[in-house]
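Asker: Below: one structure in structure tokens.
Bear in mind these aren't lab numbers, they're just calculated from the coordinates by the rules spelled out. Worth saying up front: this structure is predicted, and the values here are computed from it rather than measured. Here the Cβ positions follow ideal geometry from the backbone for every residue, glycine too, while neighbour counts run over all protein chains shown.
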Amino acid sequence: MQVKICGMTRPEDIRAAVELGVDALGFVMYQESPRYVSPDRVRLMTEIIPSRVVTVGVFVNEDPRRVIEIADYCRLDMLQLHGDEPPEYAAGLPVSMVIKAFNPRGKEDIDQVLTYPAAAVLVDARDRGLYGGTGETSNWEAARLIGLSRPLVLAGGIGEDNIDEALSCVSPAAVDVNSSVERAPGIKDNEKMARVLKRVRVWEHKTSNKMRGPFVKRNGDP
């Protein structure tokens, strides 16, 4: 199982996460977010990330041409669409790079998720008009059903207090943590990151979970 830590803003947090064995790191490219980082800053930070770690840019309703431009400039491996992007939007991007975030509530939402052109689906919670990063728990039952058919990343309020339950209920291919491992928005807590990663690895060992993770390099390598 893979672990992604999102909302990275500082080189020191990146180094700590890499040392702990994280699989993917996310950078929020949405200017309204308190965790926003500019393309210039992301480009500098990706230079210190080892090749084994997947870099993910998080975009919200951005012009698709700008998404590709930023991805190339920042050397991003995958593109996380976290807004209201329709299927035809994603179809115009390299689908193998796309992770689409959803906040599914019922069967109609799940049906939409299952047909969306993306390499993986991320289930998150959306509240108060915010596009993720709320700390709210996502719909685990909907996530479980989606994960039966699509590579699934579970997000939304996942932290050391509930990660064992979340993994047991959903059994995702990957988990995405953000606010639960922070001291402040964009400022990560090394001890919290370490505890979450340890719990994932313990659960993985106990269940012998060998599921291929959805985070891959641009060349397709996991």
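Asker: Defining a contact as two alpha carbons under 8 Å apart and six or more residues distant in sequence, what relative contact order in percent does the chain show?
Answerer: 22 percent
Asker: Going by how many other beta carbons lie within 10 Å of each one, how would you line up Ser168, Ser179, fewest first?
Answerer: On the way: Ser168 12, Ser179 21.
The most exposed by this proxy come first: Ser168, Ser179.
Asker: What list do you get for Leu145, Leu44, Leu76 if you sort them by fewest beta carbons within 10 Å?
Answerer: Leu44, Leu145, Leu76
Asker: Treat the count of other C-beta atoms within 10 Å as a stand-in for reagent exposure and order Ser180, Ser138 from fewest to most. Intermediate results must be reported in sequence, preceding the final value.
Answerer: Working: Ser180 18, Ser138 24.
In order of increasing Cβ crowding within 10 Å: Ser180, Ser138.
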